[in-house]
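Report on the following structure.
The values are calculated or read from the model by the stated rules, or taken from the named source; none is laboratory data. Predicted model only: the values in this text are computed from it and were never measured. Here the Cβ is made from the backbone with ideal geometry for all residues, glycine too, and neighbour counts use every protein chain on show. For the accessible areas, the whole protein counts, side chains as well, though only heavy atoms, and no ligand, DNA or RNA atoms are used. Shrake-Rupley method; radii C 1.70, N 1.55, O 1.52, S 1.80 Å.
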Amino acid sequence: VLFQECSKKQKNDDTQSTSVDALSSNDDFEEKNEFHTLANAKILLSDCLACDNCMTSEEGARVFQQNQKELFRVLNLNKKCDTSKHKVLAVSICPQSLPYFAAKFNLSVNDAAKRLCGFLKSLGVHYVFDTTIAADFSILESQREFVQRYQRRNQEEHALPMFASACPGWIRYAERVLTNLVTPHICTAKSPQQIMGSLVKGYFARQQNLSPDKIFHVIVAPCYDKKLEALREDFYTALYNSQEVDCVLTSGEIVHIMEQKNVSMKDVTEVAVDSLFDGIKEGDVVRHDGKRSDGYLEHIFKHAAKELFGMDVKEITYKALKNKDFQEVTLEKDGETVLRFAAAYGFRNIQNMVLKLKKGKFLYHFVEVLACPGGCLNGKGQAQTEDGKPDKALLNQMEEMYAAIPVRLPETNVHVEKMYQDWLEGMDSKKVQETLHTKYSAVNQTASNLDIKW
């Protein structure tokens, strides 16, 4: 299939959008069961940051399969006598989804996490996890890679700048439109979602003595692009014919399931979130540094300041440039700027950044790139009104709630430290490279016009 040049539009174009209804004709779905009243998930390609011009028809069909009906197909199989078809259902929740549930149902973030867990378990889900531990691994690997790239910057042309790799909308755009100009600069650490897939179908499956294909792994995330990310070939274990993430549902889709079943979060029993480690439950919700994301910029900046320049940075000062979604952070030593980092959120800022890179006027060592203006909290799967417009009041509330969650440094997570030794055979092992890293590369070479207007 030929990929056309990206033609991203700022407004939804319903004439180009295809609804999931046209693509779901599986007989299992039509069965009359306790979930038969659920409406089909109305996921439009215009909801997705990656427009349909950079998606093959096969990918489109597979993205559409990741809807609530797929979850209920598995739940219904588990109720039947044929135990050979039963699956262990595990749901992993992104930390940026929790403030949405908290704000929407007027709960604290900790209460929202426990009630969401209670709701999912009432449906028949066996385990509910928090993906913060996966982000711990992703940040630690990104920190180490940045320091290595910085040290090689004079020997290696593409060592710097380094771009963050956690946002799948950005990665799709980089691989399919920007190609070799950008892909060598993308950090090779997997995103938290991809690492959570490895944790659940690798580490956890082994702990439970389960074959990976016996686990059905669902991610709850703020944006639709996470569905595309789950389809990546490097996110698939051929030996077991198993994707590491089987289905991604947005926060809004989970609320839709609640509405269909006429359940309010306030009526649900609170249940402690599970841990990947036997016999332990998660405590209060924690987050990483960073106001609206997983905080790669802040963690990498502080780590690099310490490792490269022996400086302890306690507080980071952001300087807004053209707009609040393009901000700069610098480190000064002996009157010289030794580190220059940026946060670029939203495609307008990404485009400006790429044009500077193309012209050779790029000053930054690291950029945290996110496709959504306002960051992950503003993902289209949770921060929109019924008519598809941004819900600014809800977003402000979510940002306040997220900022109030206590920060935990990845370095202080004793479980992560232990897993590096017991599961990954040490921090510099081949297994770390295989499990926590991937390769981002150009998919097509035809798109050359970087002055695309959105």
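Kindly indicate the residue of the stretch 78-102 that is in a helix (DSSP H, G or I) and at pLDDT below 95 and also most open to solvent (accessible area, probe 1.4 Å) among those meeting that condition. Only one residue fits best here, namely Lys85. Among the residues of this structure, Gln155 counts as one that is free of Cβ contacts under 8 Å to residues at least 12 places away in the same chain, more than 20 Å from Phe235 (Cβ to Cβ) and among the polar types (S, T, N, Q). Applying the criterion of being in contact with a Pro (Cβ under 9 Å, 6 or more places away or on another chain) and not in a helix (DSSP H, G or I) to the residues of the stretch 390-448, the residue that is modelled with the lowest pLDDT is Pro390.
Whenever a residue of the stretch 348-361 is of a type in the set (D, E, K, R), its partners that are part of a helix (DSSP H, G or I), lying with C-beta atoms within less than 8 angstrom and at least six residues away or across chains, give the pairs Lys358/Leu181. Of all the listed residues (Lys291, Lys322), the sole one being within 24 Å of Met401 (Cα to Cα) and open to solvent by 50 Å² or more (accessible area, probe 1.4 Å) is Lys291. Within the span defined as the stretch 240-251, every residue fails to be of a type in the set (Phe, Trp, Tyr), at negative phi and without any contact (Cβ under 8 Å) to a residue 12 or more places away in the chain.
The numbered conditions (1) modelled with pLDDT of 90 or more; (2) in a helix (DSSP H, G or I); (3) not small (Gly, Ala, Ser) are all true for Arg348 except (1).
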